[in-house]
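> Dumping the structure here so I can ask a few things about it.
The values are calculated or read from the model by the stated rules, or taken from the named source; none is laboratory data. For clarity, every value in this text was computed on a predicted model and none was experimentally measured. No Cβ is skipped: glycine too gets one built from the backbone with ideal geometry, and neighbour counts run over all protein chains shown.
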Amino acid sequence: MTVVAAYAATSSTGPLTKTTITRRDVGPRDVRFDIHFAGICHSDIHTVRAEWRQPRYPVVPGHEIAGIVTEVGSEVTGFKLGDRVGVGCFVDSCRDCDNCAAGLEQYCIGGGMIGTYNSVGRDGQPTHGGYSGSIVVDENYVLHIPEALPLDAAAPLLCAGITTYSPLRHWNVGPGSRVGVVGLGGLGHMAVKLATAMGAEVTVLSQSLKKMEDGLRLGAKNYHATSEPGTFKKLRNSFDVILNTVSANLDLGRYLEMVDLDGVFVELGAPENPLVVPPFSIIGMRRSIAGSVIGGIAETQEVLDFCAAHGIASEIEVIAPDYINEAYERVVASDVRYRFVIDTESLRS
Ligand SMILES: [Zn+2]
Ligand SMILES: [Zn+2]
């Protein structure tokens, strides 16, 4: 085992503090890499604050991880020393069920995917995430980060990027598609960039016009404030796909009515309360309401390659580990444009 520095939460109320954790020895099919950057996802905050369920402390969050390979097992074929690599939201799955076989490990039904943190690995040990100096992961769950992408701005593609890319692909977004993006945050800004790169006409639906300049710069054609009373009426039947990146409970009926015939409203966030769907808001135009969670390993590689080919990545603010607690407060206050990424250099020495 190797001892590495990390930032961990030990309770739902205290700050994250510097500590040490252990990483397993590299097995025949494992890759060890030095972590260079780790994105801060809102899920990290929900987890450490026990807002979803009681986690198993200490929690070392981080599932947007980018770094450089330092050791490979004897049977590893896909990676070599010095490779630029990443790990997203999960580090293992059953590898046996139909969904795993189809490359949809995020929907594994043979025990479920094993989270990058706050989970238990095959070795029976708790998993720890990217707020640390290095990590050991089975090569089947490691991604290649293309040369064209900077490691820091690539890290958020491993959660925010794939979470928005997968539904855009699944619902066949392309040239001519009309896509609405609800919320311009960590997920929303990636949805705008990706859908635009796919050739869609993108509209941002944000509470106010505060970030309008950014939204248009990122590629959106239109930008509307949902606090404006006329917005919903004006945009009735206007979209083929709406991605909802907001985790608050919305007045869903009004959003659904912006979806056109046979269109879909895709829920990506996890609001606290059940979704309230007025029946006529889906009956009327044969609309669908759906959900989607991250993406499989193959598709995560695809989004990285897609971003490299289109010259896009996440908009980030790089911070030092000792700023994590302050960054959390700012994420909760939506005061980040658009993703915090921790430079983990001080955790490697
Ligand atoms: Zn995430
Ligand atoms: Zn499975």
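> Can you tell me which condition GLY180 does not meet? The list is (1) surrounded by fewer than 24 Cβ atoms within 10 Å (Cβ to Cβ); (2) small (Gly, Ala, Ser); (3) away from ligand 1 (no atom under 15 Å from the Cβ), and all the others hold.
Here GLY180 clears every test but (1).
> May I pose another question? Only one of (1) surrounded by fewer than 20 Cβ atoms within 10 Å (Cβ to Cβ); (2) within 16 Å of ligand 1 (Cβ to nearest atom) fails for HIS63. Which number is that?
In the conditions (1) surrounded by fewer than 20 Cβ atoms within 10 Å (Cβ to Cβ); (2) within 16 Å of ligand 1 (Cβ to nearest atom), HIS63 misses (1) alone.
> Considering only residues of segment 219-234 that are crowded, with 19+ Cβ neighbours inside 10 Å and touching a Leu at 6+ places or on another chain (Cβ under 8 Å), which is farthest from ALA153 (Cα to Cα)?
So, considering only residues that are crowded, with 19+ Cβ neighbours inside 10 Å and touching a Leu at 6+ places or on another chain (Cβ under 8 Å), the one farthest from ALA153 (Cα to Cα) is THR226.
> OK, next. Would you pick out the residues in segment 98-137 that are among the hydrophobic types (A, V, I, L, M, F, W, C), in contact with a helix residue (DSSP H, G or I) (Cβ under 9 Å, 6 or more places away or on another chain) and crowded, with 16+ Cβ neighbours inside 10 Å?
Within segment 98-137, the subset among the hydrophobic types (A, V, I, L, M, F, W, C) is 100-102, 104, 108-109, 113-114, 120, 135-137.
Okay, now just the ones that are also in contact with a helix residue (DSSP H, G or I) (Cβ under 9 Å, 6 or more places away or on another chain), so 100, 104, 108-109, 113-114.
Selection gives CYS100, LEU104, CYS108, MET113, ILE114.
One line per residue, one yes/no per condition, for (1) farther than 22 Å from HIS170 by Cα; (2) in contact with a Lys or Arg (Cβ under 7 Å, 6 or more places away or on another chain); (3) polar (S, T, N, Q):
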site	(1), (2), (3)
ALA197	no, no, no
VAL202	no, yes, no
SER206	yes, no, yes
LEU209	yes, no, no
ASP214	yes, yes, no
GLU228	yes, no, no
LYS233	yes, no, no
ASN244	no, no, yes
ASN249	yes, no, yes
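> What are the residues in segment 176-218 that are basic (Lys, Arg) and out of contact with any Leu (no Cβ under 7 Å at 6 or more places or on another chain), if any?
Applying the first criterion (basic (Lys, Arg)) to segment 176-218 yields 178, 193, 210-211, 217.
The answer is ARG178, LYS210, ARG217.
> Now for a different question. Can you name every residue in segment 5-33 that is touching a Phe, Trp or Tyr at 6+ places or on another chain (Cβ under 7 Å) and buried (at least 16 other Cβ atoms within 10 Å of the Cβ)?
ALA6, TYR7, ALA9, LEU16, VAL31, listed by residue number.
> Something else: Give the residues of segment 111-168 that are over 27 Å from VAL181 (Cα atoms) and assigned to a helix (DSSP H, G or I), sorted by residue number.
GLU139, ASN140, TYR141
> While we're here: Given the criterion under 30 Å from ASN237 (Cα atoms), of a type in the set (Ser, Thr, Tyr) and more than 16 Å from ligand 1 (Cβ to nearest atom), identify the matching residue among THR196, THR164.
Numbers: THR164 fails: more than 16 Å from ligand 1 (Cβ to nearest atom).
When all the criteria are applied, what remains is THR196.
> Quick one: would you say SER134 is more than 16 Å from ligand 2 (Cβ to nearest atom) and closer than 15 Å to VAL303 by Cα?
Details: more than 16 Å from ligand 2 (Cβ to nearest atom): yes; closer than 15 Å to VAL303 by Cα: no.
So SER134 does not fit the description; no.
> Related question: Considering (1) under 15 Å from VAL136 (Cβ atoms); (2) part of a loop (DSSP other than H, G, I, E, B); (3) within 16 Å of ligand 2 (Cβ to nearest atom), say which one LEU81 fails and leave the rest.
Only one criterion in (1) under 15 Å from VAL136 (Cβ atoms); (2) part of a loop (DSSP other than H, G, I, E, B); (3) within 16 Å of ligand 2 (Cβ to nearest atom) is unmet by LEU81, namely (3).
> Looking at segment 45-57, is at least one residue part of a strand (DSSP E or B), within 16 Å of ligand 1 (Cβ to nearest atom), touching a helix residue (DSSP H, G or I) at 6+ places or on another chain (Cβ under 6 Å) and not polar (S, T, N, Q)? Explain how you work it out, then say what you get.
Our first condition is that a residue be part of a strand (DSSP E or B); within segment 45-57, this holds for none.
So far as segment 45-57 goes, no, none of its residues is part of a strand (DSSP E or B), within 16 Å of ligand 1 (Cβ to nearest atom), touching a helix residue (DSSP H, G or I) at 6+ places or on another chain (Cβ under 6 Å) and not polar (S, T, N, Q).
> Quick check on my filter: what residues within segment 35-75 are of a type in the set (Asp, Glu), farther than 21 Å from ARG339 by Cα and touching a strand residue (DSSP E or B) at 6+ places or on another chain (Cβ under 6 Å)?
GLU71
> Pick out the one residue from ASP305, ASP322, ASP260 that is over 20 Å from GLY115 (Cβ atoms), at pLDDT 95 or above and touching a Ser or Thr at 6+ places or on another chain (Cβ under 7 Å).
None of the other options fit; the residue is ASP260.
> Follow-up question, since we're still on this one. Which of the residues spanning segment 15-37 are out of contact with any helix residue (DSSP H, G or I) (no Cβ under 8 Å at 6 or more places or on another chain) and not small (Gly, Ala, Ser)?
Of all residues in segment 15-37, those out of contact with any helix residue (DSSP H, G or I) (no Cβ under 8 Å at 6 or more places or on another chain) come to 17, 19-28, 32-33.
Across segment 15-37, the qualifying residues are THR17, THR19, THR20, ILE21, THR22, ARG23, ARG24, ASP25, VAL26, PRO28, ARG32, PHE33.
> May I pose another question? I want to confirm something. Restricting to segment 291-333 and keeping residues that are more than 16 Å from ligand 1 (Cβ to nearest atom) and β-branched (Val, Ile, Thr), which single residue is surrounded by the most Cβ atoms within 10 Å (Cβ to Cβ)?
It comes out as ILE312.
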